[in-house]
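> This is the structure I want to talk about, given as structure tokens.
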Amino acid sequence: MIILLCTNLLKTIKNIQKVESRRQRAELNKRRKQMETMSLQMMRTLSTTIEAKDEYTRGHSYRVAEYAALIAEELGWDKKEIRNLKNAAHLHDIGKIGIDDKILNKPGRLTKEEFEVIKTHSAIGASMLESLEYYKNEPLVRIAHDICRWHHERYDGKGYPDGLKGEEIPISAQVVALADVYDALISDRVYKKAYSHEKAVE
């Protein structure tokens, strides 16, 4: 009788532990989703703030994120990878927050010195994301970091800031670089008129 009672008690305890464990997992998942939603809202707000500084690129980050997602889909990425890429792409120019407005909004071509200043935005953005101690190992933040730092690298090694070549450039940065250049080409800029889709693709 005592053995039967002990066995039943152990089963009850295990069942309670299972229910509690499920409840805790559900609560953790709920909190994770809330944090992710908040983070995404903050990221988009930040990218909008940056574009408010640069009158020539309004809507650029949104379009780059959309184009990058389409490219990734064509490459056969899974839905989660595409979602992370799309969200991270919104921050590709986050480092422009550290660039003087006079240079960002100069009504004409930049001097060599001014262009060197503009080029620092990729390293500034990556540094900002590296400083997020608590979140820096999150997949979304890691992808955003790679995109920020390396979306101006070139396959021939003549890009910046690190002169990476070919497959040294993370694929996320390669995809966003294509989307970024495409949007710049089909948009009016102070130094050029918009290209047609066909010319931009060429």
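The values are calculated or read from the model by the stated rules, or taken from the named source; none is laboratory data. Since this is a predicted model, take the numbers as computed values, not measurements. Please note: Cβ atoms are built from the backbone with ideal geometry, for glycine as well, and neighbour counts cover all protein chains shown. For the accessible areas, the whole protein counts, side chains as well, though only heavy atoms, and no ligand, DNA or RNA atoms are used. Shrake-Rupley method; radii C 1.70, N 1.55, O 1.52, S 1.80 Å.
> Packing-wise, with mean Cβ within 10 Å as the measure, how do 162-175, 98-111 rank, highest first?
Put in order of decreasing packing, that is 162-175, 98-111.
> Placing +1 at every Lys and Arg Cβ and -1 at every Asp and Glu Cβ, with all other atoms neutral, what dipole size does the stretch 107-173 have around its Cα centre, in debye to the nearest 20?
In total the dipole reaches around 200 debye.
> Rounded to the nearest percent, how much of the accessible area of the stretch 99-185 (1.4 Å probe, protein heavy atoms only) is carbon and sulfur?
That fraction is 57 percent.
> Work out, step by step, the length gained on full extension between LEU75 and SER196: first 0.36 nm times the residue separation, then minus their alpha carbon distance; give nm to one decimal.
Length difference between fully extended and current span is 41.2 nm.
> Related question: Among 192-200, 81-89, how do they line up from the highest to the lowest mean number of other beta-carbon atoms within 10 Å?
Final packing ranking: 81-89, 192-200.
> Which value, in debye to the nearest 20, describes the size of the charge dipole of the stretch 52-127 about its Cα centre when Lys and Arg Cβ atoms bear +1, Asp and Glu Cβ atoms bear -1, and nothing else is charged?
For this selection, approximately 100 debye.
> Turning to a different aspect of this structure: State the extension gain, in nm to one decimal, for the chain segment bounded by SER131 and LYS30, taking 0.36 nm per residue of separation less the distance between their alpha-carbons.
Answer, rounded to one decimal: 33.8 nm.
> Expressed as cubic angstrom per residue, what is the convex hull volume of the alpha carbon set of the stretch 63-202?
Hull volume normalised by residue count: 116 Å³.
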